[in-house]
Structures are given as C-alpha cells and as structure tokens.
Amino acid sequence: MIEFLNLRRVNAPHEAALQAAQQRVLRSGWYILGEETAAFEADFARYCGTRHCIGVANGLDALVLILRALGIGAGDEVIVPANTFIATWLAVCQVGAQPVPVDPRPDTGNLDPARLAAALTPRTRAVMPVHLYGQTAEMEPIATFARQHGLYVVEDAAQAHGARYRGARAGALGVAAGFSFYPGKNLGALGDGGAITTDDDELASRLRALRNYGSRKKYVHEFIGVNSRLDELQSAMLRVKLPALDAENAVRAQLAARYLRGLEDVAVELPATAEHCEPVWHLFVVRVDERERVQRELAARGIATLIHYPAACHRQQAFAERPWPALPVSEALAGRVLSLPISPVHTPAEIDAVIAALAEIVGPRRSGSA
C-alpha cells in the first residue's frame, strides 16, 4: 500500500525531539504565550525573512486577522483566486467583505495576473494571492497591479512554507502573509496552528493585540479582539521541525522531479512551474481524463490519491445564493485534478510504482498533446 500521507511516518524522525519538547513545556508550567511561542515566532520570522511573526490558532484565523488589522470589512472587496481551498474565501466573508474571484492560469492553477484588471472596482481594497500546491503566485505583476491601484497584497501562504519567488520566501512577498501549520503541511504541528508574517511594525503590534482579546496590556482592551493564540505545546513542536524543513522540501523536490521525468510520455497533464518560482511541492497535482476511473484503478493497485479540490469555491453550497462570474478554468480544473502521493518520507521506489501504475492505466501521451 502506498499511502497518500502517513503522519506517523513523517514525524517518526523527530519523535525523540518532539517528546523532549513536550516534556519541556509540561514542566515549564506556562502553556500560552510563553517562551516557546516567542522563540518560534523569532525563528520563523528569521526563516521567512520578515521582521515579525505572530502565532495564531490556525491558518484561517491568520487571514481573518490580517484583513481586520488592515481595516477591511463591510462594503469592501478582495480579489481572490477562484481555484483555492475555501478558507481563502471564508476569511474575506468573515470580516464582512466580498470575495471577487478570478480564474487561474490553467497550467499552474495559480491566480492569473492578467485577469486582475477585469475584477477591479472602486470597492477593491486588497488582492489575496494563494501560493497553491506549494508554488508561489506570480508576485511581481500582482504587486505592480496593487501599487498602481493602492491595494494591499495579502499572501495566503498556507501551502508554501519555504517556497521562493525571485529568491524571497513566501511570507515576505506582501504586506502580510497567513500560514497554516495543519499537521499535513510541509511544516506541520501536532494539531492546529497558524502564523502571520509581516515587516510592518504597527500592523504586527495590532495583530498581537487582536489575537489576544484586543489587548496589548493585561486587562486593557483597545480593540474588539479574539482568542486566537498559537499555544506553547504546538510552538515547541514546530521549533523541533523547522530546522528540518529545507531538507524535507529538498526531498519533495527530488520526488517531484522523478514524477516529471517518469510521466513525461504518459497521458496526463503535468504541473508547470512559473518563471522565478521555486515550489516546495506541498502537493503534486496532475490532470487526467476519466479521473474517477483512474482513481479507482490506482486504489485497486494499493495507491492512494486525493482531489484538491473537487468543487470550485463558487460551486459550494455556502456560496450558492451569490451571483458569480463565469469561471470556466476553475471548473475545468475541479473536474480533472488528481493529487499523487508526495512527502519527505515517500521513497523513490514508491514514486516509481505510482508512475508505472498510472502509465498502465491511462496509456501513453498522444503525439502533439500537452
């Protein structure tokens, strides 16, 4: 059996250090906003190349708090990718603003900068690119567009820990970025967790207050805040795993290269890497015809796959009552994408087995096809 993701296997190399960190927190007697969180925030800010990191409870909260801290709310619009996990859209809705979706580039699945102008209105306040599947969005044209129109750029970096664009890491490419440390991420906690990175001192100060009941000083509440804090235990777990992130991402890159070589002549559409982007291959997503049949036949051979994502956000029941523009690229992707197993603990032999099975199921690429 080739599992899609086995977190026991992923965490096994860190087990002794994780247990030691757990004991350290237990014995400290301090479990919220203590030394572990402060140390992880400093480490992760340094890793991303930003001045600040603010630990929060999860990735969705990270995005919501950024938008709130920027003063985005009712009556405002935020341009978002149509092809993304629903959390991107939910963050906009939770501050009372309206998500305005744009279709992605069909080859990368990431937000298409050429479509931004058509989505702009007088109510647009921000663009929220998603670094989907572990590849950064094309940030230079997005940033240029934002500057021209006085918009904030807020990164949804939930899938892109360590990814680079023109040498700079995800998290340092906009006014602020939201990260998720959901256990299956490239940098995963042992529970929920999230963080915000930014270079803006005042924004960081406001965010630290907002995550903590709107308080910078105990029992003094400047804002209507929330309780969204990365706890000491998860911070300690993340401190253990962060030093290994680049090496684990390098393994992912090697396995992705193996897929790209091995599937070159197979009748699947392979993921593309945009110019200046260095992905970390959180997911390896191909596109296939007759996806359900292909997935069933892979499962019959003991190979697990997933679909990221089977329905575009505007087709979810949560958004069914709102009018949306035509989003044909996102809908086409939703019907064909298939995520193959990839993680730092999958072996080359396992990847080769997936390649061989897929080649047998879908056959060779036709001459002249993409």
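The values are calculated or read from the model by the stated rules, or taken from the named source; none is laboratory data. Since we're looking at a predicted model, the values are computed, not measured. Cβ sites come from the backbone with ideal geometry, for glycine too, and all protein chains shown count toward neighbours. Areas reflect the complete protein model, heavy atoms only, side chains present, ligands, DNA and RNA absent. Shrake-Rupley method; radii C 1.70, N 1.55, O 1.52, S 1.80 Å.
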Exercise for the section: Compute the normalised compactness of region 175-308: alpha-carbon radius of gyration over 2.2 N^0.38 Å, N being the residue count. Expected result: 1.45
Practice task
Which order do the peptides 58-69, 79-90, 240-251 take when ranked by the mean count of other beta-carbon atoms within 10 Å per residue, highest first?
Solution key: 58-69, 79-90, 240-251
Completion exercise
Quick calc: nm separation of the 7 Å Cα→Cβ label points for R27 and R147 -> 5.2 nm
Problem - N6-A320 pseudo-label distance in nm [points 7 Å out on the Cα-to-Cβ vector] - result: 4.0 nm
Practice task
Using all C-alpha to C-alpha distances in the chain, build P(r) with 20 Å bins and read off the rounded percent in each one.
Solution key: 29, 57, 14, 0
Handout entry: Cα gyration tensor, region 279-370 - rounded (a/c under 1.5), prolate or oblate
Key = prolate
Completion exercise
Listed by chain and number, the aspartates and glutamates with an alpha carbon less than 19 angstrom from that of K241, same-chain partners under 8 positions apart left out, are E15, E35, E36, E41, D43, D192, D231, E232
Completion exercise
Quick calc: nm separation of the 7 Å Cα→Cβ label points for L90 and E297 -> 3.6 nm
Problem - region 1-127 - share of DSSP beta bridges that are antiparallel (%, nearest 5) - result: 10 percent
Completion exercise
Beyond 20 Å, the calculated P(r) of region 49-154 holds a percent of Cα-Cα pairs equal to 36 percent
Practice task
Take the alpha carbon atoms of region 1-36, find their center, do the same for region 40-57, and report the distance between the two centers in whole angstrom.
Solution key: 19 Å
Problem - Computed [θ] at 222 nm, helices only, for the chain once each DSSP H run of length n ≥ 4 contributes -39500 (n - 2.57) - result: -11000 deg cm²/dmol
Practice task
Return one whole number: the accessible area per residue of the chain in Å², for a 1.4 Å probe.
Solution key: 43 Å²
Fill in the blank from the handout: Cross-link reach from K185 to aspartates and glutamates, straight Cα distance under 14 Å and at least 8 residues apart if same chain, gives D156, D246, E248
Handout entry: Fraction of accessible area attributable to carbon and sulfur, the chain (%, probe 1.4 Å)
Key = 53 percent
Exercise for the section: Report the GluC sites (Glu not before Pro) located in region 1-72 that are in a DSSP loop and have at most 16 other Cβ atoms inside 10 Å of their Cβ, or state none. Expected result: E3
